[in-house]
Every structure is written in structure tokens, then in C-alpha cells.
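K.L.:
First the structure, which I've put down as C-alpha cells, then a few questions once you've had a look.
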Amino acid sequence: MTSDEPFRPRLHFTAKAGWINDPNGLIKIDDEWHLFYQHEPHSTVHGPMHWGHASSHDLVHWNEHPVALYPDALGTCFSGSAVETQSGDIKLLYTAHRTDDQGQDLQVQCLVHADRQLTSFERESSNPIVTNPGLAAFRDPKVFWHGPTRRWIMVLTHGQSVGIRSSSDLVDWRFESEFGASEGRHGEGPWECPDLFQLRTTNGVSRWVLMVGIGTDGPGGGSGTQYFVGEFDGRRFINENAPDVVLWADLGRDYYAAQSFSGASETVTIAWVSNWQYANQTPTREFRGVMSLPRELTLVRMQEGLRLRQRIAPTVAAAFEIVRSGENPTSGTYCLLTQYDPGATKVMSVTLFDEPTPIVTITPLGEGKVRIRTLRESVGQISQFAHDYAVDVVLSGPINIEIFVDNGIVEFGVGGVLWLTNLHFPPKPAGRVEVTFDDEGSPYRAIA
Ligand code: FRU
């Protein structure tokens, strides 16, 4: 990856040039990880979407390939997924999007036949394979094989719910059910980029997890990724928590449209590191948009129930220089390791980038409850970018804190059970780091 710009990360995927957003069609084929993504190769702002394509053998080094999907008469190419059939054929499923003369969105689902090397992409002649029942937001098909019922399952945005369909051949789809109209968090925009997969705890307890992006009203404002834990019988998803329980895959402001890889033995996800509130304005030059580090997902039993545990894929974590408090990183790409004990009643302050104020403080509130507060300064004229917000969570400590920093991108992990991913554009991405513990906390300047 070139490092021509100060904010180009080294270990997070970026396109060489142009705009990217959601990861699409994540699939592992013959030991190679393929990442497609929403891409506008001709501009650094969102526009007519194509599918870009990159691949990697280790999730660390990525090769960018020619654009895979171009807009056609049915529309531009919105988000979707990829699967390998029992006979080894590779299929892509995506949403064709266009607007009619009145400016109304028209979204339908399409199928693409690809070769195993993913170099040629031929559209199914009967596209669209799923027509629109009259929904403005009807998109982002994520497809997987459901062994027990021996059918393909598609989860799809249906406005503010997720539609579930089944098929035996990926061409004819039958509506099964809808989930979510009165569950979890809803904002003004539609739910986007759903994904449904099975996970286990280390004790072998297994559940289905439905992840879905919420474009507004995320945990830090704007985009966010929530999830539900429950059962799926091939037709319906049943949430095992109360409908008003809201679970976040990441409590930061920049973790959206997460998707899991098809064809991998572990459940590995990648998300887009941005927020629709300001995604088109971030201060990069040749490229705009970054993918998260790949994460491996499992479930963990907490007091309140089963929750996601996410760790950075081991090959990727191993590529970061390890830094401890008081040491200085040799570049802007490092992993700062520390520990926090909520019972020790100290305030932990983490300062990065040689900045005068900490970007994260953790304050004990008693009985394991802590307040995690994140500060982000404004850069240039990006609206809604500066932020100062706090979340209250319960921790049982002492707990390992891993802070993956990559030229301004910060993925802040608390024991693997909480993550906060945030973009920063600091003047000194490789600047001094410091972790302090004291009774009062460091001086913390609020931003207006
Ligand atoms: C989510 C999203 C998807 C859509 C794509 C368009 O970020 O809005 O719902 O398919 O981006 O680029």
C-alpha cells in the first residue's frame, strides 16, 4: 500500500484512488480472502457505485484488482454479498439502484456469475431476481447457505426492518418473514447492510446473531452497527433479549456496514470506518474511505446475557508494533497495550498523537460501572466531526485494553467485549502516547 498521504493507514485497507464505503461480497476462496467494496473510482465522493475488488492471503497485505462491477441499465451497484455453491461456482448478489424521473429510489436485487479466480463477472439474464414490493429502501442482500433446511437464505433491508427470503437456486426467492420493526434502535433512516450468522461461546453454546447498520441515531450520533442475539430456524429470527435492549458491535462513531466473510471457518467481519454524517468531507486527497481491521467474532456469556466478543484477526494484530505507556511509537501504526481495573477507582486517561488532552478517559462510577469518554477535535470544516461523548458500561476487571492506531484511525478495544472505533486526523499521527492513572483524571477540555 502506498503511504503518499499522512492519513493513509498501513494496515487498514484503502483503495489507491477514489471513494469507498461498505465492504461487499466478502468471501474466502481457496485460502484467499476477497474483499469487494462500494467504490466510485472516478471521484472521492459518493456517486454512481461500482464494486471495487481486492484480495489477500493473510488479511494484512491486500492487492487491488480491476473494478468488478460497473453500473448497467438496471442501475448502479449498491451493497451485497458473495457465495460459493456446492459445485464450486461463485455468485455475487447486489442491489441495482436507480432513481426515476420523480427522483424516487428504485432498488432491486441482481445475481452475477463469476469465475473462481474472480476475474470475470457475468450478469444473470433474468435480473432482477428479486423485484421490489414498493419499498423505498430495499437493498443490501446478504446470502448464506442454511444447512438444516438446505436452502439459501437472504437477509435484506426492508425500510426499518430486515426481510428474510429463501431459495433453492439463488434465482427464485420466496419471502419468509420480517424482523425488527419494533426491536432495537431505530432512527430516521432505514436499517442497512444486515448480516445473519451463527456463533459459539468457548463452551459450545450456539446462537444466531443478526447485525444491522443504523444510518442515524448510532451510539455516538449518525451511523452505527447494532446486533441481536437469538434463534433462526430457516424462516424466522427470534430475538432472545427484550425488544428494547440495544446492543452495539462498536460504540465508536466510525464503524458501519459490518459484514462477515462467507467460506471461512471463523466468523471474520470487516466494516467501513466512517459515518454518513461527514463521510464525504474527510481530509484525504487521492482516496476517501477506509475498511476496519478484520475481527474474529465469538459469543461470551456476561451477566446480562450472551454478547459479542471480537478480537482483531491474529495475523493482523501481529503486524502492529506493540507500544506500552511511556514508550514512543516509531511510526503512526502501533498497538498500545494497557490494563484497567474498575475496582481500583482510578481515572485512566489515554493521550495519543502528542495532543494536549486525552482522547479517551475511563472513570469508575462504582460497582464495576465505568464511564468511557471520547474526545475528538475538529479538523477543517467537517461538520459534525468534532465530538465529546460518553458511554456508561459495566466491566469486570482487571481488563486488557488494546488500542490499535493506524495513522489516525483508532480501534479501541476493552477486553474484546467493547470496541470504540473513531477516525482522527491529528497533525502528528506518530506523536507521543501516554496512559495515566490518577484520582481526578487529566484536565479535560470540553468542546463546544
Ligand atoms: C450503507 C449504504 C447501503 C447502500 C450503500 C450505497 O452505507 O447506504 O445501504 O447499499 O451504502 O453505497
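K.L.:
Counting residues in segment 73-206 as N, plug N into 2.2 N^0.38 Å and put the Cα Rg over that result.
P.N.:
Normalised Rg, Cα atoms only: 1.11.
K.L.:
Among CYS110, PRO283, VAL300, flag the residue with its Cα farthest along the positive direction of the charge dipole of the chain, charges on Cβ as +1 for Lys/Arg and -1 for Asp/Glu.
P.N.:
Projecting each Cα onto the dipole axis, the largest value belongs to VAL300.
K.L.:
Evaluate the charge dipole of segment 241-380 about its Cα centre and quote only its size in Debye, nearest 20, assuming +1 on the Cβ of each Lys and Arg and -1 on the Cβ of each Asp and Glu.
P.N.:
It works out to roughly 200 debye.
K.L.:
Further, regarding this structure: Given Cβ point charges of +1 (Lys, Arg) and -1 (Asp, Glu) and nothing else, what value in debye, to the nearest 20, does the dipole of segment 18-73 about its Cα centre take?
P.N.:
The dipole of segment 18-73 has a size of about 140 debye.
K.L.:
With a Förster radius of 51 Å, plug the Cβ-Cβ distance of ALA390 and THR131 into 1/(1 + (r/R0)^6) and report the FRET value to the nearest 0.05.
P.N.:
It comes to 0.65.
K.L.:
Can you tell me the relative contact order of the chain? Whole percent, Cα pairs under 8 Å, sequence separation 6 or more.
P.N.:
Relative contact order here is 13 percent.
K.L.:
Could I ask something else about it? What order do you get for 259-269, 411-421 when each peptide is scored by the mean count of other beta carbon atoms within 10 Å, highest first?
P.N.:
411-421, 259-269
K.L.:
Have a look at the DSSP beta bridges in the chain and tell me what percent are antiparallel, nearest 5.
P.N.:
Roughly 95 percent of the DSSP beta bridges within the chain come out antiparallel.
K.L.:
From the mean inverse distance of alpha carbon pairs (Kirkwood) and the Cα radius of gyration, derive Rg over Rh for segment 132-237.
P.N.:
Reported Rg/Rh (Cα atoms, Kirkwood Rh): 0.98.
K.L.:
If packing is taken as the mean number of other Cβ atoms within 10 Å per residue, what is the order of 66-77, 222-233, 127-138, highest first?
P.N.:
Averaged packing, sorted descending, gives the order 222-233, 66-77, 127-138.
K.L.:
Using only the Cα atoms of segment 105-151, what semi-axes does the equivalent ellipsoid have when each is the square root of 5 times a gyration tensor eigenvalue? Give whole Å, largest first.
P.N.:
Square roots of five times the eigenvalues give 22, 18, 10 Å.
K.L.:
What is the distance in Å between the Cα centres of segment 310-342 and segment 121-157?
P.N.:
The distance from the Cα centre of segment 310-342 to that of segment 121-157 comes to 40 Å.
K.L.:
Identify, among THR225, PRO6, ASN21, the residue whose Cα sits farthest towards the positive end of the charge dipole of the chain, taking +1 on the Cβ of Lys and Arg and -1 on the Cβ of Asp and Glu, with the dipole about the Cα centre.
P.N.:
So the residue we want is THR225.
K.L.:
Next up: To the nearest 500 deg cm²/dmol, what mean residue ellipticity at 222 nm is calculated for the chain from DSSP H runs of n ≥ 4 alone, each contributing -39,500 (n - 2.57), summed and divided by the residues?
P.N.:
After summing the helix terms and dividing by residue count, I get 0 deg cm²/dmol.
K.L.:
Charges at C-beta only: +1 for Lys and Arg, -1 for Asp and Glu. How large is the resulting dipole of the chain about its Cα centre, in Debye rounded to 20?
P.N.:
In debye, rounded to 20, the chain gives about 380.
K.L.:
Cα convex hull of segment 362-430: how many Å³ per residue?
P.N.:
91
K.L.:
So, one more: Rank THR333, THR119 by accessible area, highest first, at a 1.4 Å probe radius?
P.N.:
THR119, THR333
K.L.:
What are the equivalent ellipsoid semi-axes of segment 231-298, built from the alpha-carbon gyration tensor (square roots of five times its eigenvalues), in whole angstrom, biggest first?
P.N.:
Ellipsoid semi-axes (Å, largest first): 29, 17, 10.
K.L.:
Still on this model: Can you list the equivalent-ellipsoid semi-axes of segment 304-448, largest first and in whole Å, using the square root of 5 times each Cα gyration tensor eigenvalue?
P.N.:
They are 22, 19, 15 Å, listed largest first.
K.L.:
Please report Rg (one decimal) and Dmax (integer) in Å for the Cα set of segment 220-266.
P.N.:
Reported Rg and Dmax, both Å: 13.2, 34.
K.L.:
Please compute the Cα-Cα pair-distance distribution of segment 296-364 with 5 Å bins starting at 0, giving whole percents from short to long.
P.N.:
Binned Cα distances yield the sequence 3, 12, 15, 18, 21, 18, 9, 3, 0.
K.L.:
Can you give the Rg/Rh ratio of the chain, where Rg is from the C-alpha atoms and Rh is the Kirkwood radius?
P.N.:
Ratio of gyration radius to Kirkwood radius for the chain: 0.96.
K.L.:
State the answer as a single residue: which of ASN400, THR351, LEU365 lies farthest towards the positive end of the charge dipole of segment 329-448, with beta carbon charges of +1 for Lys and Arg and -1 for Asp and Glu, about the Cα centre.
P.N.:
Among ASN400, THR351, LEU365, the one farthest towards the positive end of the dipole of segment 329-448 is THR351.
K.L.:
In nm, to one decimal, how far is the modelled label at ASP101 from the one at ASP58, with both set 7 Å along Cα→Cβ?
P.N.:
Placing both labels 7 Å beyond Cα along the Cβ direction yields 5.7 nm.
K.L.:
If R0 is 45 Å, what FRET efficiency do you get for GLN86 and HIS46 from their C-beta distance, rounded to 0.05?
P.N.:
0.80
K.L.:
At q = 0.23, 0.26 Å⁻¹, work out log10 I(q)/I(0) for segment 128-167 with the Debye formula, treating every Cα as an identical point scatterer and leaving solvent out; two decimals please.
P.N.:
Taking Cα atoms of segment 128-167 as identical point scatterers yields -0.74, -0.88.
K.L.:
I want to make sure I understand the PRE zone here: with the label point 7 angstrom from the Cα of VAL205 toward its beta carbon, which residues in segment 282-324 have backbone N atoms less than 17 Å away?
P.N.:
Only 298-310 fall inside the zone, counting backbone N under 17 Å.
K.L.:
Still on this structure: Using 1/(1 + (r/R0)^6) with R0 = 30 angstrom and r between the beta carbons of GLU286 and GLU122, what's the FRET efficiency to the nearest 0.05?
P.N.:
Efficiency at R0 = 30 Å is approximately 0.45.
K.L.:
A follow-up question, please. Find the all-direction average of the projected area of the Cα convex hull for segment 200-320, expressing the result in square nanometres with one decimal place.
P.N.:
The directionally averaged projection comes out at 9.6 nm².
K.L.:
Please list the radius of gyration and Dmax for segment 49-110, considering alpha-carbon atoms only, with Å as the unit.
P.N.:
Reported Rg and Dmax, both Å: 14.6, 47.
K.L.:
Once you place label points 7 Å from the Cα toward the Cβ at PHE175 and LYS16, how far apart are they in nm?
P.N.:
Using points 7 Å along Cα→Cβ, the separation is 4.5 nm.
K.L.:
Still on this model: What's the carbon and sulfur percent of segment 136-184's accessible surface, probe 1.4 angstrom, rounded to a whole number?
P.N.:
Summing carbon and sulfur atoms, their accessible area is 48 percent of the total for segment 136-184.
The values are calculated or read from the model by the stated rules, or taken from the named source; none is laboratory data. Bear in mind the structure is a predicted one, so any value in this text is a computation, not a measurement. Virtual Cβ from ideal backbone geometry, glycine too; neighbours counted across all protein chains shown. Just so you know, the surface numbers come from the protein's heavy atoms only, side chains and all, with ligands and any DNA or RNA stripped out. Shrake-Rupley method; radii C 1.70, N 1.55, O 1.52, S 1.80 Å.
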